[in-house]
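See structure below.
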Amino acid sequence: MPVTLLNWIVPVTILLCGAGLISIGYLGFTTARWGHALCVLAVGYALMLFETDRFTPFKQIVEDNFILLGILLTCRALQKRLNLKSSVPFDVALMVSSTTMIAISLVIFQSVRLETFFVQACCALALWTSALPFSKLARTRADRLLAATFLLFSMLLTFQCLLFIAAPDIDHVVGAWRSSIWGNLIQYTGLMGSIMLAFAVMAATSWDTIEKYRAHANTDPMTNLLNRRGLDALLASPRGRLFQNGSTAVILADIDRFKAINDRFGHPFGDHVITRFGAILEAQAGPKGCVVRLGGEEFAVLLPGSSLDNAVATASRMQRAFALERWLHIETDDQFTASFGLALVKDQESIADAIGRADRLLYAAKRAGRDCIVVDHCLSTDCKDCRREVNGYPACPDAPSI
């Protein structure tokens, strides 16, 4: 069967998809690896269109290995996203197995159907071994999209393998298999799969870029903690419900006499103190806690599902850890201290209001002499006379610090 311009749509379209992804890679996006894989795949489909009257398995081996290599390269690009370990021996073994089975199918059984079956089976195996581990670790919307694309294509190739088992053999006429329904199925499966992959990679790259700039806008560059905008975004996200449902403790922390630290040791060292203080708060807050740099040397800590006693104990550990910190950058035995205000989020109260109450408690700690924790244990926001204590700490902004 003669090759027409229509037949060239498949490899040309795949090549254009690959070239497009490579071009976008020059703009700083991580798409070049995907583009190279599609270009290799396009070469394999293009070689299928160069037919010869002389029977030889070498041409089929080369074109099939290009197709399999293209699939393997897409799998490695997928694994690279999550830094999953790839196995070069597995890839080599798959290529050798594919070459051996193609030679046996063409030389011994003289069956293009078997040749196609083994190539499809090797491609499906490569896709499954990459898609399954990746899908278990996919967390972002971009990763879930890529996982779904690979799993869908893996299932499609597996289904085609079952079809090729039952498919009849085609007469040994040049172009007969390519122009048959089975040959067209292979070509257009590759075409649709490549287009799907290109769109999935573009969508994933766009989402990655959006998330990158969103994270940049929501993160404090010095401490890599959330900033005020990041806190608002967190509370508006599904994870934010964790802090708004049930009991949440809010701790406001501020480094004592920070201006004197800057004046005495310089701003670079002051930045280092802020960074270390944020790291101490984050370590003590635990994996479920959230630490936010509100500005300057002031931080907020949200502890979801925490009782008042547990929150006080956590704040006390933060206070001691910072006071015991040793500063090797300067020649001094000085201890730096911090003050803390602590409040529990009340029923029907917003996190912003709770932070405002904790901030007033923090200023009460400053007025009481610094290096202390002031705890709000009142049931009423307008309490003026409460003098109850929690674990030895004053329970009201009006109470003297202990």
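The values are calculated or read from the model by the stated rules, or taken from the named source; none is laboratory data. Treat the numbers as computed from the prediction; the structure is a model and nothing was measured. A quick note on method: Cβ atoms are made from the backbone with ideal geometry, for glycine too, and the neighbour counts reach across all protein chains shown.
Across segment 242-261, the number of residues qualifying as under 20 Å from G305 (Cα atoms) and touching a helix residue (DSSP H, G or I) at 6+ places or on another chain (Cβ under 9 Å) comes to 9.
In the set (1) among the charged types (D, E, K, R); (2) within 23 Å of A279 (Cβ to Cβ); (3) not in a helix (DSSP H, G or I), E349 fails one condition alone, (2).
For M202, indicate whether it is farther than 30 Å from V374 by Cβ, modelled with pLDDT of 90 or more, within 19 Å of the chain's Cα centre (by Cα) and surrounded by fewer than 18 Cβ atoms within 10 Å (Cβ to Cβ). Please lay out each step first, then the result.
Details: farther than 30 Å from V374 by Cβ: yes; modelled with pLDDT of 90 or more: yes; within 19 Å of the chain's Cα centre (by Cα): yes; surrounded by fewer than 18 Cβ atoms within 10 Å (Cβ to Cβ): yes.
Yes, satisfied.
Matching residues to (1) at pLDDT below 95; (2) among the hydrophobic types (A, V, I, L, M, F, W, C):
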residue	(1), (2)
P2	yes, no
Y26	yes, no
H36	no, no
D53	yes, no
F58	yes, yes
I61	yes, yes
F66	no, yes
R76	no, no
N83	yes, no
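Among the conditions (1) more than 24 Å from A42 (Cβ to Cβ); (2) assigned to a helix (DSSP H, G or I), L78 misses just one, which is (1).
Filter segment 182-199 for residues that are modelled with pLDDT of 90 or more and over 13 Å from A142 (Cβ atoms) and give the result.
In the first step, residues of segment 182-199 are kept if they are modelled with pLDDT of 90 or more; the result is 192-199.
M192, G193, S194, I195, M196, L197, A198 - these are the residues of segment 182-199 that are modelled with pLDDT of 90 or more and over 13 Å from A142 (Cβ atoms).
Filtered by the rule that a residue be within 23 Å of N224 (Cα to Cα) and among the hydroxyl-bearing types (S, T, Y), segment 293-330 gives a lone residue, T314.
Against the criterion of being within 24 Å of R141 (Cα to Cα), aromatic (F, W, Y) and outside any helix (DSSP H, G or I), F50 does not qualify.
For segment 210-325, list the strands (runs of 3 or more DSSP E) that sit wholly inside it and hold at least 2 residues that are crowded, with 22+ Cβ neighbours inside 10 Å and small (G, A, S); which are they?
Details: elements: 248-255, 290-295, 298-304.
Because the criterion is at least 2 residues that are crowded, with 22+ Cβ neighbours inside 10 Å and small (G, A, S), the strands (runs of 3 or more DSSP E) in segment 210-325 that meet it are 248-255.
A search for C-beta distances below 9 Å between a residue of segment 73-100 that is under 11 Å from W34 (Cα atoms) and any residue that is in a helix (DSSP H, G or I) and of a type in the set (K, R), counting only pairs 6+ apart in sequence or on different chains, returns L73/R33; T74/R33; R76/R33; A77/R33; K80/R33.
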